[in-house]
1. Among the residues of the range 4-18, count how many are among the hydroxyl-bearing types (S, T, Y) and surrounded by 13 or more Cβ atoms within 10 Å (Cβ to Cβ).
2. Here is a check on your reading of the model: is D194 in the same structural domain as L140 (by TED's automatic domain parsing), under 19 Å from L70 (Cα atoms) and among the charged types (D, E, K, R)?
3. Looking at the range 222-274 only, could you name the residues that are buried (at least 19 other Cβ atoms within 10 Å of the Cβ), part of a strand (DSSP E or B) and among the hydrophobic types (A, V, I, L, M, F, W, C)?
4. What's the number of the only condition in (1) touching a helix residue (DSSP H, G or I) at 6+ places or on another chain (Cβ under 8 Å); (2) of a type outside the set (F, W, Y); (3) within 14 Å of G55 (Cα to Cα) that T15 fails to meet?
5. Can you find, within the range 253-287, the residue that is modelled with the lowest pLDDT among those that are among the charged types (D, E, K, R) and either touching a Phe, Trp or Tyr at 6+ places or on another chain (Cβ under 9 Å) or within 30 Å of P243 (Cβ to Cβ) (or both)?
6. Considering L50, L98, which residue is under 12 Å from A7 (Cβ atoms) and either part of a helix (DSSP H, G or I) or in the same structural domain as A173 (by TED's automatic domain parsing) (or both)?
7. Taking the conditions exactly as written (in the same structural domain as A233 (by TED's automatic domain parsing), part of a helix (DSSP H, G or I) and at pLDDT 95 or above), does M162 satisfy them or not?
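The values are calculated or read from the model by the stated rules, or taken from the named source; none is laboratory data. Since this is a predicted model, take the numbers as computed values, not measurements. Positions of Cβ are backbone-derived with ideal geometry, glycine not excepted, and every protein chain shown enters the neighbour counts.
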Amino acid sequence: MEPLVTALRAISEPTRLRILSLLSRGELTVSELVNVLGQSQPRVSRHIKLLASAGIVERLPEGTWVFYRLADQGLGQQVAQSVISLFSKQEQVLARDLERLESVKHARIHAADTYFAEVAKDWAQIRSLHLSEGSVEAALCAAAGNRQFKSMLDIGTGTGRMLEVFGAQTDRATGIDLSHAMLNLARLNLEKSDLPHCSVRHSDLYNLPFETAKFDLITIHQVLHYLDEPKTALAEAARALAPGGLMAIVDFAPHQLEFLREQHAHRRLGFTDGEVESWMRTAGLGKITHTALRPDTSETHTNHLTVKIWTGERALASESSSQSKALEESET
């Protein structure tokens, strides 16, 4: 009873009800809430702290910023959703809040558009060198199969595209990235795609803030070639993969396009099957597959990029036990 009473007390105040209404439309920072509510930052922060302590909202640190969102599980989530369902569309205070929220979102969209305009030319140049993204995504979905996943992690999420691609196949999905600009762009894209069960957060892929064996789908899309230690990143991702879970990696086959290193910060010029598959086996993955997607062009291969998809699975406890027993018997 006590947690329920605490949650009900936390929301039993007009400003906190307004905050619930606003967060039901997506993640927001304290400064954004301040702009909408027209109250001081200390006051809004105090309201948020009470909601967070009661498990109604979650705090997501992102560098010097902190985003807040409604809890997506537990008693707090149930209480919040029940209260939100009682809000009236005719309530004038909430209606004005939502109008001001649109202005905040327009400012965020403008910032994201400005950033994207700066990098779009570089992306377009790289995209022109390989098979269309639609074809790559179709092949990736085929590799993942028609499974319904409980929890997905997209490492180096960028614009959040992988969350959009697998949004219908996962109950909950999280994307991580170090770029604040990219995370803001991903949030906008997820909102446009109406994927409230998908979210993004700031995180280091070498030190994931998740418990072991949490996700049954992990995607690493066009990320490894930027890294100093791709093997280490893959091992950390594998740690978070649940038994029976699937890891899907998309990157380039070996190539000689040095300008990608010089102009686009590519650390590695592609990977061999043997290299990636060795890393996956060392990380405890099996049932490894690889697919090559070559560009549809008559020009020489050296001027274009071949996209590779590698998949691997974490063995179930029963399978792992059987494999260990078989290995022991073979050794004797």
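1. Residues in the range 4-18 being among the hydroxyl-bearing types (S, T, Y) and surrounded by 13 or more Cβ atoms within 10 Å (Cβ to Cβ): 2 in total.
2. Considered against the rule, which asks whether it is in the same structural domain as L140 (by TED's automatic domain parsing), under 19 Å from L70 (Cα atoms) and among the charged types (D, E, K, R), D194 comes out as yes.
3. L241, L246, M247, A248, I249, V250, F252, listed by residue number.
4. Just one mismatch for T15, condition (3).
5. Looking only at the range 253-287, we keep the residues that are among the charged types (D, E, K, R), and these are 258, 261-262, 267-268, 273, 275, 277, 281, 287.
Remaining after also requiring either touching a Phe, Trp or Tyr at 6+ places or on another chain (Cβ under 9 Å) or within 30 Å of P243 (Cβ to Cβ) (or both): 267-268, 273, 275, 277, 281, 287.
On the way: R267: 84, R268: 88, D273: 95, E275: 93, E277: 96, R281: 96, K287: 95.
Result: R267.
6. L50
7. yes
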